[in-house]
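Enquirer: Shown below is the structure under consideration.
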Amino acid sequence: MKRNICLFGLLIFLVVLPFFSGEFYVNLASQVFIFAVFAASINLLLGYGGLATLGHASYLGVAAYGSALIGLKLGLGHWIAAPAALVGTTLMAGAFGLIALRASGLGFLMLTLAMSQVLWGTAYRWVGLTDGDNGLRGLTRPAPFGIDLDSASAFYWFTLAVTVLSVWLMARFVRSPFGAALRGTRDQPRRMAALGHNVWLIRWITFVYAGFWGAVSGLLFVYYHKYIHPISLSLTNSAEGLLAVIAGGSGTLGGPLAGATIVMLLKNYASAYIERWNMLLGFVFVIIVVFMPEGVVPGSKRIYLKCRQRFASRA
Amino acid sequence: MPTALRIQGLKKSFGGLPAINDVSLEVAAGERRLIIGPNGAGKTTLFNLITGDLAGEGGKISMFEKDISKLPPHRRVHRGLARTYQIITLFPRDTLEHNITLSLLGLSRTRWNSFASLHKAMFREEAMRILALVGLESMAHRLLSEVSYGDKRRVEIAMALAQKPRVLLLDEPLAGLSREERVTVKQLIGAIPRETTVVMIEHDMDTALDLAERITVLHYGRVIVEGTRAEVVADPKTREVYLGN
Amino acid sequence: MSMQFWVIQTLNSLALGGLLFLLASGFSLIFGLMRIANLTHGGLFMLGAYLGVTILKVVPNLWVAALLAGLAVALFGGLLEKLILRKLSGNVLGQVLVTLGVAYIIADACLLIWGGDPVPIQTPAFLQQPLRVAGFAFPAYRLAVVVLAVLVGAILFFIMEKTRLGAMIRAGVDDMQMARAVGIPVSRLFTIVFCLGAGLAGAGGVIGGPIMSAYPGLDADMLPLALIVVILGGVGSLVGAFVGSFITGFVYTFGVALFPQLAYVILFLPMIFVIAFRPRGLFGRFAA
């Protein structure tokens, strides 16, 4: 009950944010939401399914490129481009899942990485289609029900609405019988098979579902930036999403959201002062994995308690 | 009397070493069969072949005259096969009730529902009934990691019973239990309804012999002796191979 | 397409295959023995190449530079394994993420130290002239790379099959628990193998220098190729790395030459084909 009140309060705060914040912060918040949906979709696989993936940027990127290309090359409006991009990307997730799930654990990870890298390399080289390193520019935002989304606030509310909807649906997913079975396959896959569960099918369905939400984040991404570049398909992008999940703590719904906020804020502020964001990212990876594997929030708490203990025993 | 489980000419080698070497046996419906043999005789391997966790190299396995040799493990479960494990492989971070629920879900269409909330689904009543069967209903809301080893063994059996199996494989159900716990579990096994055929691997002869109607003795992956309890106990080959305490 | 074209492309394929073998053999061994997907591997290759550039300024012999760079990268790899990866033993995802993090650190460090422009590496003088046989011109350096790769392959094969070290590695790949049980010093073995793999990658970076140069992004270009080689060839198998490297070298080179825009997609196909029918890869001992 208390939790629901807090959540409701947070929601109210987020809704009224544009009224008392400058455009910079509203835009930053939009970016945080987009990244949060991306991270949450990765967490379906990692936290709930026990499947670590390094290729999730594929779904974000392909949906983004799909929407952009349908608009630019076929001249079709968003009301066709969006569903087409979502369906196409989800089908691709289905195909990728068939391949990646031939293995599990590290093999699965490597397959998702390899497939994602192939898309990334192709986006750079298939200049005829993607304009390569230039990226696709001059894209537009949709106007659902005729509402113009070009202003920062309007887009922010649109993104907030989509984010709330996606988080709610993902919450229902993980709390459902299917979600319980999924968590079972994470903890004891052989036992689940011995209980009658089709472990492969459970994983594949989750893979496709996670791909779908990755695609949704991709659409939000391309609408926000009105531009798409092959770098959005890169390993770095997938890794940042993974970092957000791990930083916030996997296996919970709120973890990736918190982690996405942390990583996005870090990226925004750090890149203003530090030129070499990649190096910082690398160090953050190493530090979090070695010192705070359970997530930044629980990890910090643990380290703080340990320091306090050591300090108290000396006093 | 229909044959619940028929194994014909089963073979399995590990890197050239034959673990199961042309094993054939038949278990009648409702029978209580005990499989014994020294360590390394191939008993657990045999179970793994029956459940499909291992792929055999030749031979056939049928349940109620239907060939299950090519079916993946989860599909064999849907045909009525259930099994407990020597090593506890349950879900430690979940409550006992949730563990049983996962077992009940395995055979229910509801397991594909990805929208409804689990706790509103109908499984609570049935899960509590199953836990009551093994005397653990008072601990339904404890985490599995918090209960004793003996209780975990009882949960293992409850998980299998929740599947209402036609053929139940019990892999050393008494291992590591205290004397009192052994009595409890023995009663549980004895109370399993006749609709379920029981095949059991056990080392604890004193307890297991009482439960068995027929006994199969395995040694180096082969069936050495098979017959009623009296026949097997009297057979000199059994003494040769293994009949210790 | 002239005959000369096919000759050149074939030789390019073989040379790329040779370089990939230097890169992937280490990756495959590390993966097979230590169950670590070392995502730093592309970065180690690139680090070797850049170190080679600097070493060449002092020691103008490519082969010596390759050896020295290889040793330096091997040392770096050893430190990485001992100080960080060892602490994460059993934490598979953690190890992957750490190697990824270190890859980023290497990439940006190289950018900081050597700048953003590609740095060429000179082909050794006596290999600069093409070899003329039967009316065709064979780029001599690429031939040398192939010869070197085969030589390294032979040495590695000898080590694996005929020495105690090799026997221990093979035992560890086959059954780690058993290997520990019979007293194989696993920790030391891990460090040795990681150093070996890193060293090969680093030396490979220098050897590849005359063909590819040292440039930012070299690591990101090489890593997916190494992955595909290992997925194709099978984990923990030297023969698999050898065969997989040359298959990948051919598919990629001809793909880029004939269908440049779809080269990566063409690279994909043998991999899917192999995974669909044989998740172990062509020669792997276990599915990755």
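Enquirer: On the basis of being buried (at least 24 other Cβ atoms within 10 Å of the Cβ) and within 14 Å of chain A (Cβ to nearest Cβ), does C:Val145 make the cut? Quick ask: steps written out before the conclusion?
Expert: Details: buried (at least 24 other Cβ atoms within 10 Å of the Cβ): yes; within 14 Å of chain A (Cβ to nearest Cβ): no.
So C:Val145 does not fit the description; no.
Enquirer: Select, from A:Ala210, A:Ala244, A:Ala239, the only residue that is crowded, with 24+ Cβ neighbours inside 10 Å, modelled with pLDDT of 90 or more and more than 14 Å from chain C (Cβ to nearest Cβ). First the steps, then the outcome.
Expert: Values: A:Ala244 fails: more than 14 Å from chain C (Cβ to nearest Cβ); A:Ala239 fails: more than 14 Å from chain C (Cβ to nearest Cβ).
Of the residues listed, the single one that is crowded, with 24+ Cβ neighbours inside 10 Å, modelled with pLDDT of 90 or more and more than 14 Å from chain C (Cβ to nearest Cβ) is A:Ala210.
Enquirer: Under 17 Å from the mean Cα position of the chain (by Cα), closer than 17 Å to A:His197 by Cα and not β-branched (Val, Ile, Thr): is that true of B:His74 in this structure? Talk me through it step by step, then tell me what you get.
Expert: Numbers: under 17 Å from the mean Cα position of the chain (by Cα): yes; closer than 17 Å to A:His197 by Cα: yes; not β-branched (Val, Ile, Thr): yes.
Yes.
Enquirer: Looking at the structure I just gave you, is C:Ala109 within 14 Å of chain A (Cβ to nearest Cβ), aliphatic (A, V, I, L, M) and part of a helix (DSSP H, G or I)?
Expert: Working: within 14 Å of chain A (Cβ to nearest Cβ): yes; aliphatic (A, V, I, L, M): yes; part of a helix (DSSP H, G or I): yes.
Judged against the criteria, C:Ala109 is a match.
Enquirer: Right, another one. Which pairs turn up if I take residues in the stretch C:132-144 that are on the phi > 0 side of the Ramachandran plot and look for partners that are outside any helix (DSSP H, G or I) and not aromatic (Phe, Trp, Tyr) with beta carbon separation below 7 Å, at least 6 apart in sequence or on another chain?
Expert: Pairs found: none.
Enquirer: Here's a follow-up. For A:Gly135, indicate whether it is modelled with pLDDT of 90 or more and either surrounded by fewer than 17 Cβ atoms within 10 Å (Cβ to Cβ) or within 14 Å of another protein chain (Cβ to nearest Cβ) (or both). Spell out how you get there, then give the answer.
Expert: Numbers: modelled with pLDDT of 90 or more: yes; either surrounded by fewer than 17 Cβ atoms within 10 Å (Cβ to Cβ) or within 14 Å of another protein chain (Cβ to nearest Cβ) (or both): no.
Spelling it out, it is not the case that A:Gly135 is modelled with pLDDT of 90 or more and either surrounded by fewer than 17 Cβ atoms within 10 Å (Cβ to Cβ) or within 14 Å of another protein chain (Cβ to nearest Cβ) (or both).
Enquirer: Looking at (1) within 14 Å of another protein chain (Cβ to nearest Cβ); (2) among the small types (Gly, Ala, Ser); (3) touching a residue at least 24 places away in the same chain (Cβ under 8 Å); (4) crowded, with 16+ Cβ neighbours inside 10 Å, find the lone condition where C:Ala74 falls short.
Expert: Among (1) within 14 Å of another protein chain (Cβ to nearest Cβ); (2) among the small types (Gly, Ala, Ser); (3) touching a residue at least 24 places away in the same chain (Cβ under 8 Å); (4) crowded, with 16+ Cβ neighbours inside 10 Å, the lone unmet condition for C:Ala74 is (1).
Enquirer: Related question: Among strands (runs of 3 or more DSSP E) lying entirely in the stretch B:1-110, which contain 3 or more residues that are assigned by TED's automatic domain parsing to the domain that holds B:Val199 and not charged (D, E, K, R)? Please lay out each step first, then the result.
Expert: Working: elements: B:3-14, B:17-28, B:32-36, B:60-63, B:81-83.
Of the strands (runs of 3 or more DSSP E) lying wholly inside the stretch B:1-110, those with at least 3 residues that are assigned by TED's automatic domain parsing to the domain that holds B:Val199 and not charged (D, E, K, R) span B:3-14, B:17-28, B:32-36, B:60-63.
Enquirer: On the given criteria, is B:Gly135 on the phi > 0 side of the Ramachandran plot and either small (Gly, Ala, Ser) or under 17 Å from the mean Cα position of the chain (by Cα) (or both)?
Expert: Answer is yes for this residue.
Enquirer: Here's a follow-up. Identify, from the list C:Ala154, C:Ala198, the residue that is under 18 Å from C:Arg35 (Cα atoms), more than 14 Å from every other protein chain (Cβ to nearest Cβ) and modelled with pLDDT of 90 or more. First the steps, then the outcome.
Expert: Values: C:Ala154 fails: under 18 Å from C:Arg35 (Cα atoms).
Within the list C:Ala154, C:Ala198, the selection yields C:Ala198.
Residues checked against (1) touching a helix residue (DSSP H, G or I) at 6+ places or on another chain (Cβ under 6 Å); (2) within 24 Å of B:Asp210 (Cα to Cα); (3) of a type in the set (Asp, Glu):
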site: B:Thr3; (1), (2), (3): no, yes, no
site: B:Gly9; (1), (2), (3): no, no, no
site: B:Gly16; (1), (2), (3): no, no, no
site: B:Asn21; (1), (2), (3): no, no, no
site: B:Leu34; (1), (2), (3): yes, yes, no
site: B:Gly37; (1), (2), (3): yes, yes, no
site: B:Leu54; (1), (2), (3): yes, no, no
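Enquirer: Something else now. Looking only at the stretch C:261-275, how many residues end up being more than 7 Å from chain A (Cβ to nearest Cβ) and either acidic (Asp, Glu) or farther than 15 Å from C:Ala226 by Cα (or both)? Write out each step before concluding.
Expert: At the first step, the residues of the stretch C:261-275 found to be more than 7 Å from chain A (Cβ to nearest Cβ) are C:266, C:269-270, C:273-274.
Filter again for either acidic (Asp, Glu) or farther than 15 Å from C:Ala226 by Cα (or both), leaving C:266, C:269, C:273-274.
Total meeting the criteria: 4.
Enquirer: Output yes when any residue across the stretch B:193-205 is free of Cβ contacts under 8 Å to residues at least 12 places away in the same chain and over 27 Å from B:Lys11 (Cβ atoms), and no when none is.
Expert: Keep residues of the stretch B:193-205 that are free of Cβ contacts under 8 Å to residues at least 12 places away in the same chain, which gives B:193.
Checking the rest, the ones that are also over 27 Å from B:Lys11 (Cβ atoms) come to B:193.
So far as the stretch B:193-205 goes, yes, one or more of its residues are free of Cβ contacts under 8 Å to residues at least 12 places away in the same chain and over 27 Å from B:Lys11 (Cβ atoms).
Enquirer: Of the conditions (1) in a helix (DSSP H, G or I); (2) touching a helix residue (DSSP H, G or I) at 6+ places or on another chain (Cβ under 9 Å), A:Thr252 clears all except one; give me its number.
Expert: Here A:Thr252 meets the rest and fails (1).
Enquirer: For A:Leu201, indicate whether it is assigned to a helix (DSSP H, G or I), more than 8 Å from chain B (Cβ to nearest Cβ) and surrounded by 22 or more Cβ atoms within 10 Å (Cβ to Cβ). Write out each step before concluding.
Expert: Values: assigned to a helix (DSSP H, G or I): yes; more than 8 Å from chain B (Cβ to nearest Cβ): yes; surrounded by 22 or more Cβ atoms within 10 Å (Cβ to Cβ): no.
Criteria not met by A:Leu201.
Enquirer: Just to be sure before I move on: is B:Thr197 crowded, with 18+ Cβ neighbours inside 10 Å, in contact with a Gly (Cβ under 8 Å, 6 or more places away or on another chain) and outside the structural domain of B:Glu156 (by TED's automatic domain parsing) in the structure I sent?
Expert: On the way: crowded, with 18+ Cβ neighbours inside 10 Å: yes; in contact with a Gly (Cβ under 8 Å, 6 or more places away or on another chain): yes; outside the structural domain of B:Glu156 (by TED's automatic domain parsing): yes.
Spelling it out, B:Thr197 is indeed crowded, with 18+ Cβ neighbours inside 10 Å, in contact with a Gly (Cβ under 8 Å, 6 or more places away or on another chain) and outside the structural domain of B:Glu156 (by TED's automatic domain parsing).
Enquirer: While we're looking at this one, here's another question. Quick check on C:Leu258: is it away from chain A (no Cβ under 11 Å), touching a Gly at 6+ places or on another chain (Cβ under 7 Å) and modelled with pLDDT under 90? Before you say what the answer is, go through the steps one by one.
Expert: Working: away from chain A (no Cβ under 11 Å): yes; touching a Gly at 6+ places or on another chain (Cβ under 7 Å): no; modelled with pLDDT under 90: yes.
No; evaluated as a whole, the condition is false for this residue.
Enquirer: Identify all residues within the stretch A:248-269 that are over 13 Å from the mean Cα position of the chain (by Cα), buried (at least 16 other Cβ atoms within 10 Å of the Cβ) and hydrophobic (A, V, I, L, M, F, W, C); write none if there are none.
Expert: Answer for the stretch A:248-269, where residues must be over 13 Å from the mean Cα position of the chain (by Cα), buried (at least 16 other Cβ atoms within 10 Å of the Cβ) and hydrophobic (A, V, I, L, M, F, W, C): A:Ile262, A:Leu266.
Enquirer: Across the stretch B:77-130, which residue is nearest to A:Ile205 (Cα to Cα) among those that are among the aromatic types (Phe, Trp, Tyr) and more than 15 Å from the chain's Cα centre (by Cα)?
Expert: Step one: of the stretch B:77-130, the residues among the aromatic types (Phe, Trp, Tyr) are B:85, B:91, B:112, B:115, B:123.
Then drop every residue that is not more than 15 Å from the chain's Cα centre (by Cα), which leaves B:91, B:112, B:115, B:123.
Working: B:Phe91: 22, B:Trp112: 10, B:Phe115: 14, B:Phe123: 23 Å.
Applying the filter and picking the extreme gives B:Trp112.
Enquirer: Give the residue, chosen from C:Ala167, C:Ala144, C:Ala226, that is closer than 30 Å to A:Asn237 by Cα and part of a helix (DSSP H, G or I). Full working, then the answer.
Expert: Numbers: C:Ala167 fails: closer than 30 Å to A:Asn237 by Cα; C:Ala144 fails: closer than 30 Å to A:Asn237 by Cα.
After ruling out the rest, the residue left standing is C:Ala226.
Enquirer: Okay, next question. Does A:Leu169 fit the bill of being modelled with pLDDT of 95 or more and within 14 Å of chain B (Cβ to nearest Cβ)? Even if it seems obvious, please write down each step before you answer.
Expert: On the way: modelled with pLDDT of 95 or more: yes; within 14 Å of chain B (Cβ to nearest Cβ): yes.
In short, yes.
Enquirer: Out of curiosity, is B:Ala162 touching a residue at least 60 places away in the same chain (Cβ under 8 Å), among the small types (Gly, Ala, Ser) and within 23 Å of B:Glu31 (Cβ to Cβ)?
Expert: Details: touching a residue at least 60 places away in the same chain (Cβ under 8 Å): yes; among the small types (Gly, Ala, Ser): yes; within 23 Å of B:Glu31 (Cβ to Cβ): yes.
In short, yes.
Enquirer: Looking only at residues in the stretch B:137-161 that are of a type in the set (Asp, Glu) and over 21 Å from B:Leu107 (Cα atoms), which one is surrounded by the fewest Cβ atoms within 10 Å (Cβ to Cβ)?
Expert: Here is the first cut: in the stretch B:137-161, the residues of a type in the set (Asp, Glu) are B:137, B:146, B:151, B:156.
Of the ones still in play, those that are also over 21 Å from B:Leu107 (Cα atoms) are B:137, B:146, B:151.
Values: B:Glu137: 15, B:Glu146: 11, B:Asp151: 19.
Per the stated criteria, the residue is B:Glu146.
Enquirer: Can you run down the residue pairs with Cβ atoms below 7 Å, 6 or more apart or on separate chains, where the first is in the stretch A:223-235 and under 18 Å from A:Gly138 (Cβ atoms) and away from chain C (no Cβ under 14 Å) and the partner is basic (Lys, Arg) and part of a loop (DSSP other than H, G, I, E, B)?
Expert: A:Tyr223/A:Arg141; A:Lys226/A:Arg141; A:Tyr227/A:Arg137
Enquirer: I'd like to know if the stretch C:59-70 contains one or more residues that are closer than 21 Å to C:Met176 by Cα and either touching a Gly at 6+ places or on another chain (Cβ under 9 Å) or in contact (Cβ under 8 Å) with a residue 24 or more places away in the chain (or both).
Expert: Our first condition is that a residue be closer than 21 Å to C:Met176 by Cα; within the stretch C:59-70, this holds for none.
Within the stretch C:59-70, none of the residues are closer than 21 Å to C:Met176 by Cα and either touching a Gly at 6+ places or on another chain (Cβ under 9 Å) or in contact (Cβ under 8 Å) with a residue 24 or more places away in the chain (or both).
Enquirer: For the stretch B:75-89, which residues satisfy the criterion of being touching a helix residue (DSSP H, G or I) at 6+ places or on another chain (Cβ under 8 Å) and surrounded by fewer than 21 Cβ atoms within 10 Å (Cβ to Cβ)?
Expert: B:Gln86, B:Ile88, B:Thr89
Enquirer: Could you pull out the residue among C:Gly281, C:Gly244 that is facing chain A (nearest Cβ under 10 Å), crowded, with 22+ Cβ neighbours inside 10 Å, under 20 Å from the mean Cα position of the chain (by Cα) and more than 19 Å from C:Val7 (Cα to Cα)?
Expert: Details: C:Gly244 fails: facing chain A (nearest Cβ under 10 Å).
On inspection, the qualifying residue turns out to be C:Gly281.
The values are calculated or read from the model by the stated rules, or taken from the named source; none is laboratory data. Quantities reported herein were computed from a predicted structural model and do not represent experimental measurements. Counting neighbours? That spans all protein chains shown, and the Cβs are built from the backbone with ideal geometry, glycine included.
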